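A short worksheet on the structure shown next.
Computed from the coordinates by the stated procedures, all read-outs in this text should not be read as laboratory data. This one's a predicted model, so the numbers in the text were calculated from it and none came from an experiment. Cβ coordinates were reconstructed from backbone atoms using ideal geometry, including for glycine residues, and neighbour counts include every protein chain displayed.
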Amino acid sequence: MPVTHMHRWKAPALAVSALLVGLTLPAAAAGPASATTTSYDTTYYKNAVGKTGASLKSSLHTIISSQSKISYSAVWDALKVTDQDPNNSNNVILLYSGVSRAKSLSGGSTGDWNREHVWAKSHGDFGEVTGPGTDLHHLRPADVSVNSVRGNKDFDDGGSAVSGGGGSLTDSDSFEPRDADKGDVARMILYMAVRYDGGDGFADLEPNEKVDNGSNPYIGKLSVLKQWNDEDPPSAFEEKRNQVIYDTYQHNRNPFIDHPEWVDAIW
Ligand SMILES: [Ca+2]
Ligand SMILES: [Ca+2]
């Protein structure tokens, strides 16, 4: 019978996965993200598992490019769900500052929160058009003033404290998020690099080692983003956010939240 056959066929695979997790655990203490297994490996990611380098990047591009898209005006309400404060359903948690603020304070005035494009929309000039401009995997609620300080700067370590920035730093050409948001930022940037490869009339977004990228379709610094990915692994908040985007809005996933070790496997 089909059901029985499927069950008996799958059981050994799960046992092997469990064994692999056990074998790779010691590597976790070494620093870089070690191999993880997820419930999506045999379904959503089945064509990517086991690959590395350009082959992995290409497979992931195909997988995550199958998605629904929302309008820029719909992003407001979506962020109230994806970034809801787990301890207060009236609030959202703001990127960079970590502040919990009322959902009702969405807007453009001082003290409001607005829609931050973590991949700065001028880098590749995609603006607020449906597509990269409205992709929830890199859009986060942020304090209006902190968002303004970040502007379209590239990411790097160093600078002086951002007012109200929760420990984030900035200088003339770069922005450093507070520690708890470093990995989130890295995984959002690298999602964008895999998702947008020059199709649909949009630029091919890629990370590089520079901090003065301006309107070019690049964001740096890759070596720093890789380090941030290691230092700040995916949190429960970040994982839940990925799941809500997958289940409710876009029906695609950020592979680097599910498999942070794929950052080093590609770059
Ligand atoms: Ca984090
Ligand atoms: Ca790309």
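For the chain, averaging the sequence separation of C-alpha pairs within contact (under 8 Å, six or more residues apart) and dividing by the residue count gives a relative contact order of 21 percent. Put a dot 7 Å past the Cα of residue 76, heading toward its Cβ, do the same for residue 216, and the two dots end up 3.7 nm apart.
Ranked for footprinting exposure by Cβ neighbours inside 10 Å, fewest first, 130, 82 give 130, 82.
When the pairs 57/80; 57/182; 51/121; 69/240; 153/226 are compared against a 25 Å limit on Cα-Cα distance, 57/80; 51/121 fall above it. Nearest 5 percent is fine: what portion of the DSSP beta bridges confined to the chain is antiparallel? Rounded to the nearest five, the antiparallel share is 70 percent.
With just the Cα atoms defining each centre, how far is the stretch 118-166 from the stretch 238-267? Give it in Å. Cα centroid of the stretch 118-166 versus Cα centroid of the stretch 238-267: 19 Å apart.
Would you please report the Å³ per residue occupied by the convex hull of the alpha carbon atoms in the chain? Each step should come with its number before you reach the end.
Working: hull volume 37.4 nm³, N = 267.
Convex hull of Cα atoms, per residue: 140 Å³.
Footprinting exposure proxy ranking of 187, 178, fewest other C-beta atoms within 10 angstrom first, gives 178, 187.
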